[in-house]
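Scroll down for the structure; my scribbles are underneath it.
The values are calculated or read from the model by the stated rules, or taken from the named source; none is laboratory data. If you're wondering where the values come from, they're calculated on a predicted model, not measured in any experiment. Note that we place each Cβ from the backbone using ideal geometry, even for glycine, and neighbour counts take in every protein chain shown.
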Amino acid sequence: METLAPNSLAKAQCTARTSANRWACVAFVIAAAILAVPGAARAQTAAAPACANDSTFHYLDFWVGDWSVIDDATGKEDGTDLVERILDGCAVMESWHGNDGSAGKSLFYFVPSERRWKQVWVTQQALALGGMKEKRLVWRGADGSTRFQGELVGERGRVLLDRTTLTPLAGGRVHQVIEHSLDGGTTWVESFRATYVSRAKQ
């Protein structure tokens, strides 16, 4: 009696399946192939480059920390912001807690195929304009400053450009400016300007 190899057996079993189970069948074949060559699978995983070894993944290092966010206009704390490296340095998570009870989280991640950082910001008011944002890195300064920009679509399809600029300051502080434009970026209006101060140094 002829004995089929694991991968051949998987293909043979899949041949008899209906098209409705096609995707389950594909998953079955892939799993069988991996199990047939566990050493090769482990070698591929081990060969994956570490994010920490790529300087691009360190663009936001200056912003990582546990911060008190001081409104430049009032000199008072608006809230706290915890910015952390996650997933072995492959992404950055921001957790904002406003003193007014507001909250929001951002995931910053790098897309290798585009060689670009992107951001997704979500709040508990995600259905309101600005409650959920998607931005991309559009500029990086010689001092390490970064600018993320995206679009918000308002009533009747009106497009509002939204950008955030983060600048490293002396003493380990960080400056943040949020701006909006209604004319395609010709003019910008500031909506928020604040300084990040380490809570550990207060």
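A few remarks follow.
- Selection status of VAL122, touching a helix residue (DSSP H, G or I) at 6+ places or on another chain (Cβ under 9 Å), assigned to a strand (DSSP E or B) and touching a residue at least 12 places away in the same chain (Cβ under 8 Å): no
- Flag: LEU129 does not match the condition of being surrounded by fewer than 17 Cβ atoms within 10 Å (Cβ to Cβ) and in a strand (DSSP E or B).
- Residue selected from the stretch 185-202 under the condition outside any strand (DSSP E or B) and touching a residue at least 24 places away in the same chain (Cβ under 8 Å), by the criterion surrounded by the fewest Cβ atoms within 10 Å (Cβ to Cβ): GLN202
- Residues satisfying the stated conditions in the stretch 145-181, i.e. closer than 24 Å to ALA73 by Cβ, part of a strand (DSSP E or B) and aliphatic (A, V, I, L, M): LEU152, LEU160, LEU161, LEU166, VAL174, VAL177, ILE178
- Within the stretch 136-160, if we keep just the residues that are more than 15 Å from GLY185 (Cβ to Cβ) and hydrophobic (A, V, I, L, M, F, W, C), the residue that is surrounded by the most Cβ atoms within 10 Å (Cβ to Cβ) turns out to be LEU137.
- Look at (1) without any contact (Cβ under 8 Å) to a residue 60 or more places away in the chain; (2) part of a strand (DSSP E or B) and you find that ALA142 fails only one, number (2).
- Residues that are in a helix (DSSP H, G or I), of a type in the set (A, V, I, L, M, F, W, C) and surrounded by 14 or more Cβ atoms within 10 Å (Cβ to Cβ), drawn from the stretch 50-103: CYS51, PHE57, PHE62, TRP63
- The single condition from (1) among the acidic types (Asp, Glu); (2) surrounded by fewer than 14 Cβ atoms within 10 Å (Cβ to Cβ); (3) modelled with pLDDT of 95 or more that GLU179 fails is (2).
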